[in-house]
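The values are calculated or read from the model by the stated rules, or taken from the named source; none is laboratory data. These numbers were taken from a predicted model, which means no experiment stands behind them. Using ideal geometry, Cβ is built from the backbone for each residue, glycine included, and neighbour counts are taken over all protein chains shown.
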Amino acid sequence: MRFGIIDWLIVVLYLIGVAIFGIISGGRQRNTSDYFLGARQVPWLAVCFAVVATETSALTFLSIPGVAYATNLNFLQLTFGYILGRIVVSFLLLPAYYKGELVTAYQFLGIRFGRKMRNFASIVFMLTRLAADGVRLFTTAIPLAIILKSSAEFSNWSETQIYAISIAIISFVTFLYTFIGGVRAVIWMDVVQMFIYIGGAIAGIIVLAMKIDGGISRVLEFTADKFKIINLGFDVPLKEYFKQPYTLFASLIGGAFLSMASHGADQLIVQRLLTTNSLKNSQKALITTGFIVAVQFFIFLFIGLMLYTFYNGAKMNPNEVFADFIVKHMPSGVSGLIIAGLFAAAMSTLAGSMSSLASSAMVDIYKPYFGKDNDERKELFVSRVITAIWAVLLVGSAVFFMRTERTVVELALSIASFTYGGLLGSFLSGVLFKKVDEGSALVGFVSGVVVMIYVILNTKIAWTWHTLIGAFTTIVVGNLFWVLKSRFS
């Protein structure tokens, strides 16, 4: 069954509706506080759903089913660590952010250490986010590219051209409501689309169950060897143990540190948490997301097992297997609705990236050096211009990652691993070690990043350990440097 006219109509009308609703929900933007923080008046439950949609929309929808298709359910162990990490952030880092009227997480580093540390952390965040969210944008374009490739009108187009136009279409609609509506539009669109893409996932499960002879029972039978969650990983030599990404301890410890970095040191998530009116509401929002994400991961991993049964274990690109099923095997109308929901959810994630990148560039870099005397109107104008610049750069990043063969969820997390450890280690140093000064913290940060570059490029240590290694290096080197400097000064 091909993607038909009804499906196309649903997708087009839906994307137009998303853009219009996003602009309306954003309300009137009077200053950068409205544009980047929603005037700190966003309900905590809306923030909770927005965080979930931001971190799990496109990647969860397409790539996590591919993980289960290619492997098993070991990936689910990560959610145990994710919940633990969120609890630590809620009671260790969030209180520090709420002591001042902060717009970005990196302002805390500026207050604690100094301007150089703030600038370095902000720039590292922007470069990391540009690369990681280029992967996210590429992921979003996969289903649209599959649809276009199956259309006669695009039969003479190369795959590169098809992916490029898919990325451009999605980026333009996303940019439109982010540019006009700011973070409030982004958050409320996330809330709506989270329920839509979950509904799409449930519809996928129902259709798969109907198309598989024997339904769910057949899935459980055919994938019995894949239906494995806990993996201790002790059945290999010690030198091989740390090469396994989804062992229980790698998931618990590594997942906790990854979650602490992504939700405590990454402006993409911190920006949303700062839009609530109190620390307590921000903590409730963050901790609740951990349990919602665990349920979502199970749903999408189970879809992967169902797809493995449906395709009888055939070798397929794990990034495209669910999108292929949606486009080719879903009933007419249902296929269009699910694709539309996926686009909208993924665009909300992309919108969050544009907004967080713009807020960090504006507040941490532009305003302290070039915009000290600007009035509110000019600040808002510059913020929108910076948002437009990041939109163009994200498109370029997505085009760069078009030819990847890895599951994109692992690729995005691996990219973040280069710098997440250094970022998290710097924040933990600022909160836990009161005597470490700016110079020592910078040496620790750079050391953490350098060590991670070596580990990722020259070892086979699994990505789940990367953030822990980077954070540990940053903290230890920073403290040692301070001790040596104090002794010989």
Exercise. Is it true that some residue in the stretch 435-445 is surrounded by fewer than 23 Cβ atoms within 10 Å (Cβ to Cβ), of a type in the set (A, V, I, L, M), under 25 Å from the mean Cα position of the chain (by Cα) and at pLDDT 90 or above?
Worked result: no
Problem set entry | Failed item, numbered, when Phe249 is tested on (1) over 26 Å from the mean Cα position of the chain (by Cα); (2) within 30 Å of Val89 (Cβ to Cβ) | (1)
Problem set entry | Members of the stretch 266-298 that are basic (Lys, Arg) and closer than 15 Å to Ile187 by Cβ | Arg272
Problem set entry | Unmet criterion (only one of (1) modelled with pLDDT of 85 or more; (2) within 30 Å of Tyr311 (Cα to Cα); (3) surrounded by 24 or more Cβ atoms within 10 Å (Cβ to Cβ); (4) not polar (S, T, N, Q)) for Leu73 | (3)
Exercise. Which pairs have Cβ atoms under 6 Å, sit 6 or more apart or on different chains, and link a residue in the stretch 193-221 that is at positive phi to one that is surrounded by 13 or more Cβ atoms within 10 Å (Cβ to Cβ)?
Worked result: Gly215/Ala209
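Sort through Ser166, Ser171 and tell me the only one that's surrounded by 18 or more Cβ atoms within 10 Å (Cβ to Cβ), more than 20 Å from Ala46 (Cα to Cα), among the hydroxyl-bearing types (Ser, Thr, Tyr) and touching a residue at least 40 places away in the same chain (Cβ under 8 Å). Steps first, please.
Values: Ser166 fails: touching a residue at least 40 places away in the same chain (Cβ under 8 Å).
Answer to the check: Ser171.
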Exercise. Of all residues in the stretch 24-40, which are within 12 Å of Thr178 (Cα to Cα) and modelled with pLDDT under 70?
Worked result: Ser25, Gly26, Gly27, Gln29
Seminar exercise, completed: Just one listed residue, out of Phe75, Phe125, Phe80, is aromatic (Phe, Trp, Tyr), under 29 Å from Ile339 (Cα atoms) and in a helix (DSSP H, G or I), and it is Phe75
Seminar exercise, completed: Going through (1) at pLDDT 80 or above; (2) surrounded by 13 or more Cβ atoms within 10 Å (Cβ to Cβ); (3) within 31 Å of the chain's Cα centre (by Cα) one by one, Gly233 fails only at (1)
Exercise. Which residue, of Asn312, Asn317, is in contact with an Asp or Glu (Cβ under 8 Å, 6 or more places away or on another chain), within 30 Å of Asp225 (Cα to Cα) and surrounded by fewer than 24 Cβ atoms within 10 Å (Cβ to Cβ)?
Worked result: Asn317
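If I filter the stretch 273-283 for residues that are out of contact with any helix residue (DSSP H, G or I) (no Cβ under 8 Å at 6 or more places or on another chain), closer than 30 Å to Asp34 by Cβ and assigned to a helix (DSSP H, G or I), do I get at least one hit? So that I can check it myself, show each step before the final result.
Narrowing the stretch 273-283 to residues out of contact with any helix residue (DSSP H, G or I) (no Cβ under 8 Å at 6 or more places or on another chain): 278, 280.
Then drop every residue that is not closer than 30 Å to Asp34 by Cβ, which leaves 278, 280.
Of the ones still in play, those that are also assigned to a helix (DSSP H, G or I) are 280.
Checking the stretch 273-283: at least one residue is out of contact with any helix residue (DSSP H, G or I) (no Cβ under 8 Å at 6 or more places or on another chain), closer than 30 Å to Asp34 by Cβ and assigned to a helix (DSSP H, G or I).
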For this session: Can you work out which of the residues in the stretch 93-102 that are touching a Leu at 6+ places or on another chain (Cβ under 8 Å) and assigned to a helix (DSSP H, G or I) is surrounded by the fewest Cβ atoms within 10 Å (Cβ to Cβ)?
Result: Pro95
Exercise. Mind checking whether some residue in the stretch 379-387 is on the phi < 0 side of the Ramachandran plot, in contact with an Asp or Glu (Cβ under 6 Å, 6 or more places away or on another chain), in a helix (DSSP H, G or I) and of a type outside the set (A, V, I, L, M)?
Worked result: no
Seminar exercise, completed: Filtering the stretch 205-247 down to residues that are closer than 23 Å to Leu307 by Cβ, among the polar types (S, T, N, Q) and not in a helix (DSSP H, G or I) yields Thr223, Asn231
Problem set entry | Residue among Ala121, Ala105, Ala132 that is more than 30 Å from Tyr163 (Cβ to Cβ), in contact (Cβ under 8 Å) with a residue 12 or more places away in the chain, crowded, with 24+ Cβ neighbours inside 10 Å and within 17 Å of the chain's Cα centre (by Cα) | Ala105
